[in-house]
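This report refers to the structure that appears directly beneath it.
The values are calculated or read from the model by the stated rules, or taken from the named source; none is laboratory data. Keep in mind the model is a prediction, meaning the values are calculated, not measured. Reconstructed Cβ throughout: ideal geometry from the backbone, glycine too, with neighbour counts over all protein chains shown.
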Amino acid sequence: MAQKTIEIFDLEGKATGKIKLPAVFSTPLRPDVIKRAVLAIQSNRLQPQGRDPMAGKKTTAESRGTGSATARVPRIKGGSGRAAFAPSTVKGRQPHPPKAEKIIVKNIPKKEAKLALTSAIAATAQKEIVASRGHRIDDVVGLPLVVEDSFEGLTKAREVEDAFANLGLIADIVRVRDSRNVRAGKGKHRGRKMKQAVGPLIVVVDGKSLANAAGNLPGVDVTTVANLNTEMLAPGAHPGRLTVWTNGAIEKLSNLYGENA
């Protein structure tokens, strides 16, 4: 099967050359496997929870038995007669507290994890899949979007924003800005007051300066092709994130997943 050839664009949005797409971009879409891989990645970030085995039990409360026309729950000594120790009482123990021994990490076979990653990479080249995530791609110059390696040398957010405008990505940045609002519920009191949509992902070979510059744009993430994972390409287990690849990243991608994709 002949490899598809796509154009490479400069920072002005003009085509300057062509490159053959790696075979990984022909991987079939497997949303079921992608979801398993994303959940496995997310589960590894969870912190095990547990309770002190003596929580709610540090009391001398005892039941008074029958005959006093009161419930037979353990009560503290004294005139108050307040219930203690039992579940559903003030400062009492929990009936079924979480245990630190609980297995919360979801494992996934290596071959299945690789299939999920390659499938998520291939989804970034399918317009209907990218559009179904809500990205604004009407003005994007091409999918998959490949830009020159000079893109990695940008050091200012303004330069990145100008490049996005030339490449047709600025509409998606505006979408993310407009989506930013206050989270509903008590989550706003727990360090996550604001919520916003997910924007474009930039995949580079080594762009530390670009990561600092693009980090000032809402919803934009920068990663190296070596650190690429399924969750970055399919946030929320939904494949098709709008992705910008540098020329060098595509070449390295071909080396990583060329023959065995």
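Those residues that are in contact (Cβ under 8 Å) with a residue 24 or more places away in the chain, farther than 10 Å from Gly219 by Cβ, of a type outside the set (A, V, I, L, M) and surrounded by fewer than 20 Cβ atoms within 10 Å (Cβ to Cβ), I need them from the stretch 163-179; list them, please. Asn166, Gly168 - these are the residues of the stretch 163-179 that are in contact (Cβ under 8 Å) with a residue 24 or more places away in the chain, farther than 10 Å from Gly219 by Cβ, of a type outside the set (A, V, I, L, M) and surrounded by fewer than 20 Cβ atoms within 10 Å (Cβ to Cβ). If you take the residues in the stretch 222-245 that are β-branched (Val, Ile, Thr) and part of a strand (DSSP E or B), which one is farthest from Thr155 (Cα to Cα)? Of everything passing the filter in the stretch 222-245, Thr243 is farthest from Thr155 (Cα to Cα).
Restricting Ala84, Ala120 to those that are within 21 Å of the chain's Cα centre (by Cα) and crowded, with 17+ Cβ neighbours inside 10 Å reduces the list to Ala120. In the stretch 186-218, of all residues being at pLDDT 95 or above and among the small types (Gly, Ala, Ser), the one that is farthest from Ile250 (Cα to Cα) corresponds to Ala197.
If you go through the stretch 192-221 and keep only what is of a type in the set (A, V, I, L, M, F, W, C), surrounded by fewer than 18 Cβ atoms within 10 Å (Cβ to Cβ) and assigned to a helix (DSSP H, G or I), you end up with just Ala211. The set of residues in the stretch 20-49 that are surrounded by fewer than 12 Cβ atoms within 10 Å (Cβ to Cβ) and part of a loop (DSSP other than H, G, I, E, B) comprises Pro28, Asn44, Arg45, Leu46, Gln47, Gln49. Scanning the stretch 180-191 for residues that are free of Cβ contacts under 8 Å to residues at least 12 places away in the same chain and either surrounded by 11 or more Cβ atoms within 10 Å (Cβ to Cβ) or closer than 12 Å to Gly219 by Cβ (or both) yields Gly187, Lys188. Applying the condition of being in contact (Cβ under 8 Å) with a residue 60 or more places away in the chain and not small (Gly, Ala, Ser) to the stretch 89-113 and asking which residue is nearest to Tyr257 (Cα to Cα) yields Glu112. The set of residues in the stretch 13-64 being closer than 30 Å to Tyr257 by Cα and of a type in the set (Asp, Glu) consists of Asp32 alone. Filtered by the rule that a residue be of a type outside the set (A, V, I, L, M) and either under 30 Å from Gly236 (Cα atoms) or not in a loop (DSSP other than H, G, I, E, B) (or both), the stretch 52-95 gives Glu62, Ser63, Pro74, Arg75. Could you please let me know if Gly215 is under 17 Å from the mean Cα position of the chain (by Cα) and of a type outside the set (Ser, Thr, Tyr)? So Gly215 passes the test. Just one residue in the set Leu21, Leu39, Leu46 is under 30 Å from Val147 (Cα atoms) and among the aliphatic types (A, V, I, L, M); that residue is Leu21.
Just one of (1) of a type in the set (Val, Ile, Thr); (2) surrounded by 13 or more Cβ atoms within 10 Å (Cβ to Cβ); (3) touching a strand residue (DSSP E or B) at 6+ places or on another chain (Cβ under 8 Å) trips up Thr230, so point out which. Here Thr230 clears every test but (3). For the stretch 132-173, the set of residues classified as under 13 Å from Arg241 (Cβ atoms), assigned to a helix (DSSP H, G or I) and not hydroxyl-bearing (Ser, Thr, Tyr) consists of Asp172 only. Can you find a residue that is under 21 Å from the mean Cα position of the chain (by Cα) and not basic (Lys, Arg) anywhere in the stretch 162-169? Yes, because at least one residue in the stretch 162-169 is under 21 Å from the mean Cα position of the chain (by Cα) and not basic (Lys, Arg).
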